[in-house]
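J.: The structure that follows is given in the form of structure tokens.
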Amino acid sequence: QVQLVESGGGFVQAGGSLRLSCVGSGLTLRRLTMGWFRQAPGKEREFVSTIGRAGVSSYYADSVKGRFTVSRDNAQNTGYLQMTSLKPEDTAVYFCAATNQGTTRRESMYEFWGQGTQVTVSS
């Protein structure tokens with residue numbers, strides 16, 4: 001079965017940190033661009049970050065730039081999103097995704113999606 005599985009979400013106070021992981025099952029992630037998206041209650045899903053196949057190129061939404069770091073370990077078939085200085089407005093379900101395309105912010109370009117992991121930041 002082809003799937004992405006996220007983990008690492010949870011409850012944290014403002015200013016805290018979390019690291020999300022995304023493991024590929026039935027997918028060879030080193031062949032794919034990875035992306036992270038999030039969806040807050042009552043809002044549309046939005047782009048957070050993307051990282052290229054080799055882990056050299058990466059891009060971030062302005063709202064997380066300087067606070068979040070995307071990375072990947074192709075040997076472990078895993079991607080990561082390190083989140084620091086978390087704010088209440090970061091509260092959302094976070095999704096990892098993968099695509100055969102190059103780095104892109106466009107949600108529609110991602111073919112593979114995880115089930116999401118909840119991140120809640122209290123003030």
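J.: Which residue fluctuates most in the GNM of the chain (Cα springs below 10 Å): Arg30, Arg45, Arg106?
T.: Sorting by GNM fluctuation, first place goes to Arg106.
J.: Given the options Val56, Val23, Val48, state which has the largest fluctuation in a GNM of the chain using a 10 Å cut-off (strictly under) for Cα springs.
T.: Answer for the Gaussian network model of the chain: Val56.
J.: Here is a follow-up. So between Gln118 and Asp62, what do we pick up on full extension, going 0.36 nm a residue minus the alpha carbon distance? Intermediate results must be reported in sequence, preceding the final value.
T.: Values: separation 56, 0.36 × 56 = 20.16 nm, distance 2.10 nm.
This chain segment gains 18.1 nm when fully extended.
J.: So, one more: Would you kindly state how much longer the chain becomes between Arg106 and Ala40 on full extension, computed as 0.36 nm times their sequence separation minus their alpha carbon distance, in nm to one decimal?
T.: On the way: separation 66, 0.36 × 66 = 23.76 nm, distance 1.76 nm.
Full-extension gain reported as 22.0 nm.
J.: If amide hydrogens are placed 1.01 Å from N in the peptide plane, which non-local residues have theirs closer than 5 Å to the one on Gln101?
T.: Thr33
J.: Could you give the length gained on full extension between Lys87 and Gln1, defined as 0.36 nm per residue of separation minus the Cα-Cα distance, in nm?
T.: Fully extending the segment from Lys87 to Gln1 adds 27.4 nm.
J.: Any idea which of Gly10, Gly114, Gln76 is furthest toward the positive side of the dipole for the chain, if Lys and Arg beta-carbons carry +1 and Asp and Glu beta-carbons -1?
T.: Projecting each Cα onto the dipole axis, the largest value belongs to Gln76.
J.: Percent of accessible area on region 1-120 owned by carbon and sulfur, 1.4 Å probe?
T.: Working: 2730 of 5990 Å².
That share works out to 46 percent.
J.: Under a crude label model (7 Å from the Cα following the beta-carbon direction), how far is Phe11 from Thr69 in nanometres?
T.: 2.8 nm
The values are calculated or read from the model by the stated rules, or taken from the named source; none is laboratory data. These numbers were taken from a predicted model, which means no experiment stands behind them. Quick reminder, even Gly has a Cβ in these numbers, built from the backbone with ideal geometry, and neighbours come from all protein chains shown. Protein only, heavy atoms only, side chains kept; ligands, DNA and RNA dropped before computing areas. Shrake-Rupley method; radii C 1.70, N 1.55, O 1.52, S 1.80 Å.
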